[in-house]
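So the structure is just underneath, and the comments pick up after that.
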Amino acid sequence: MTDALGPELLLELPGWGSRGRALEEALRSAIRGGRLVAGTRLPSSRDLASQLGLSRGTVTQAYEQLVAEGWLTARQGSGTRVAAGTAEAPARSGRSAGSAEATASGRYDLRPGRPDAYAFPREAWARAMRHVLREAPTEVFGFGDPRGRIELRTALASYLGRTRGVRVDPANLIVCSGYTQALGLLAEVFTELGVRTAGMEDPAIGDHVRLLAGRLSVAAVPVDAAGLRVDALRDSGAEVAVCTPAHQFPLGVSMAPERRSELLEWADDSLGWIVEDDYDGEFRYDRHPIAALQSRRPSRIVYAGSTSKTIGPAVRLGWIACPPLLLEPLTEAKRRARETRPLEQLALARMIELGDYDRHLRTMRRGYQRRRDTLVAAVRSGLPDVRVRGIDAGLHALLELPSAPSERAVVEAARAASVDVHPLGEYMRGDRDRHPPSLVVGYATPPAHSYPAALDALIRGLRRL
């Protein structure tokens, strides 16, 4: 009878907080301390709930959270198990077990723009792919509509309207292989339409700037606390504005309401196009996300997004909600470009339809919000002179170090502590002196079990300045 019920597990639940949080912490402690080693199979949610006197839903949610954080893995047929590499490394040569030098790689990755790969929704994605392979019509395995599968375009139109306020008909959606391909297609089409200059935020992601610069003249438009400066955009003579209203990278600001209105006025007055990169738009923690700017002017705004942060870069899926006047040239450009894999399109459509995509996002928001809160608390406690900039959103934060001798010294101090970070200057093209020495810190990349040690190494390194 005992074997039929599966493995037993002795856990002492902390007396503080909710029972679900207490269970999560008890499991983390057992794994962190090595009592539950990598590969250990845990009881089913039903069995553990019976053993601990908890509801099955409480145990299921705790398991899901720890899977998302990288402590556990869950695969059909093998149950829930402790993930590899989660126990603390033993101390060596007098060094502390939590130090950067004691890790296997000897380096912590706090670079921005990367999600937690441990949190990839393996089970939901596998279920969706199995369904697609079993049920997909034969036409899926041939050439199809260059705009993408109608199943995904329909699901995306509904999802984007429901969660981001985007107003688009499925016929005006183009599925592509990530945001980079979307931007490349837009650069190609704007060039064909006679556009000569695109205004792009400064600072911005260098790869995106270089991609546009391959076809268009790119004007650096400064960003301040209210977002892209529309007065500078007007002065630049740009016919296209590429911007991130929801959460600017890397400064982390959200475009202010009055600045949004100014940008729309610019588009109306000049008949200019706005490319809205919805960067981190689905990860707002302090309030409900602000609706996409596209909802206010769908005839002049191209809305682009992708799954690179929500699911992961391994799934190369993105989308363009395009104004009617751009649909035909964009469709033709996509026909000439690399095809976007139809099976993955159908899998994402399935996840959206079943609610698995929404559930995954809710889990990720909770985890990333805790990581950001931990970062802010660690900086306030260990580096009182350092300021954390940016709204409470996304997967990165900006750390300003006004008393540091230089940005180069800041980066070197972090690297001396075996921490990879990016300097703000790496993303700037204009006047670099308008910002104090700053680091762009990504808090999503490290697996959850090594994140506290990564922050500790960063704080120790910056204290040496």
Can you work out the PRE-style zone for R210? Point 7 Å along Cα to Cβ, and I want the residues of segment 402-438 with backbone N under 19 Å. 421-430
Relative to the longest principal axis of the chain, what angle (0 to 90°, nearest 10) does the C-alpha long axis of helix 179-192 take? 0 degrees
For V59, V376, write out the residues from largest to smallest accessible area, computed with a 1.4 angstrom probe and no ligands counted. V376, V59
Given R₀ = 60 Å, what would the calculated FRET efficiency be for T40 paired with D431, taking r from the Cβ atoms and rounding to 0.05? 0.60
Restricting to Cα pairs below 8 Å that are 6+ residues apart, what does the relative contact order work out to for the chain? Please round to a whole percent. 19 percent
What angle, in degrees between 0 and 90 and rounded to the nearest 10, separates the Cα long axis of helix 356-382 from the longest principal axis of the Cα atoms of the chain? 80 degrees
Rank by packing, highest mean first: peptides 342-349, 61-68, with packing defined as the count of other Cβ atoms within 10 Å averaged across residues. 342-349, 61-68
Along the charge dipole of segment 233-353, Cβ charges K/R +1 and D/E -1, which of W266, A314, A333 sits furthest on the positive end? A314
To the nearest 10 Å², what's S270's accessible area with a 1.4 Å probe? 60 Å²
Describe numerically, in nm with one decimal, the distance between label points set 7 Å from Cα along Cα→Cβ at L354 and at E339. 2.5 nm
Between the DSSP loop rule and a limit of at most 15 other Cβ atoms within 10 Å, which trypsin sites (Lys or Arg not before Pro) in segment 209-289 are left? R287
Using a 1.4 Å probe on the protein heavy atoms, what percent of the accessible area of the chain belongs to carbon and sulfur? 50 percent
Accessible surface of H449 in the full protein assembly, 1.4 angstrom probe, to the nearest 10 Å²? 40 Å²
For G199, which sequence-distant residues (separation of 5 or more, or a different chain) have an amide H within less than 5 Å of its own amide H, given hydrogens modelled in the peptide plane? A219, E239, V240, A241, V242
For the chain, what is the mean residue ellipticity at 222 nm derived from helices alone (per DSSP H run of n ≥ 4: -39500 (n - 2.57); sum divided by total residues; nearest 500 deg cm²/dmol)? -12500 deg cm²/dmol
Charge dipole of the chain built from unit charges on the beta carbon (Lys, Arg +1; Asp, Glu -1), centred at mean Cα; most positive-end Cα among H247, V37, L424 is V37
What size of dipole, in debye to the nearest 20, comes out for the chain about its Cα centre when the only charges are +1 on Lys and Arg C-beta atoms and -1 on Asp and Glu C-beta atoms? 1080 debye
Please give the charge dipole size of segment 314-465, origin at the Cα centre, charges +1 on K and R Cβ atoms and -1 on D and E Cβ atoms. Round to the nearest 20 debye. 200 debye
Förster radius 22 Å - calculated FRET efficiency between R365 and R162 (Cβ-Cβ, nearest 0.05): 0.85
I need the phi-derived Karplus couplings for segment 278-289: 6.51 cos²θ - 1.76 cosθ + 1.60, θ = phi - 60°, integer Hz, Gly and Pro marked x. 7, 5, 6, x, 8, 10, 10, 10, 8, 6, 5, x
On a full-extension model of 0.36 nm per residue, what is the gain between V140 and E258, subtracting their alpha-carbon distance, rounded to one decimal in nm? 37.9 nm
Considering only C-alpha atoms, what is the centroid distance from segment 383-429 to segment 132-206, in Å? 34 Å
Sort Y285, Y368 from largest to smallest accessible area, using a 1.4 Å probe on the heavy atoms of the protein chains. Y285, Y368
Given a Förster distance of 41 angstrom, what is the FRET efficiency for R380 paired with R75, based on the Cβ-Cβ distance and rounded to 0.05? 0.55
Go ahead and collect, in residue order, the members of segment 240-263 whose backbone nitrogen is under 17 Å from a label point 7 Å along the Cα-Cβ direction of S217. 240-242
Once the Cα atoms of helix 451-463 and of the chain are each reduced to a long axis, what angle between those two axes, in degrees from 0 to 90 to the nearest 10, is obtained? 70 degrees
Might you work out the accessible area of Y118 for me, using a 1.4 Å probe with all protein chains in place, and round it to the nearest 10 Å²? 100 Å²
Pairwise label distance in nanometres, A225 with S299, each label 7 Å out on the Cα-Cβ vector: 3.6 nm
When the Karplus curve 6.51 cos²θ - 1.76 cosθ + 1.60 is applied with θ = phi - 60°, which whole-Hz ³J(HN,Hα) does each residue of segment 219-235 get, with x for Gly and Pro? 8, 7, 10, x, 10, 10, 5, 9, x, 4, 7, 5, 4, 5, 4, 4, 5
I'd like the Karplus ³J(HN,Hα) series for segment 48-60: coefficients 6.51, -1.76, 1.60, θ = phi - 60°, whole numbers in Hz, and an x wherever there's a Gly or Pro. 5, 4, 5, 5, 9, x, 10, 6, 5, x, 5, 5, 4
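The values are calculated or read from the model by the stated rules, or taken from the named source; none is laboratory data. This one's a predicted model, so the numbers in the text were calculated from it and none came from an experiment. Cβ coordinates were reconstructed from backbone atoms using ideal geometry, including for glycine residues, and neighbour counts include every protein chain displayed. To get the accessible areas, we keep the full protein, side chains included, count just its heavy atoms, and leave off ligands, DNA and RNA. Shrake-Rupley method; radii C 1.70, N 1.55, O 1.52, S 1.80 Å.
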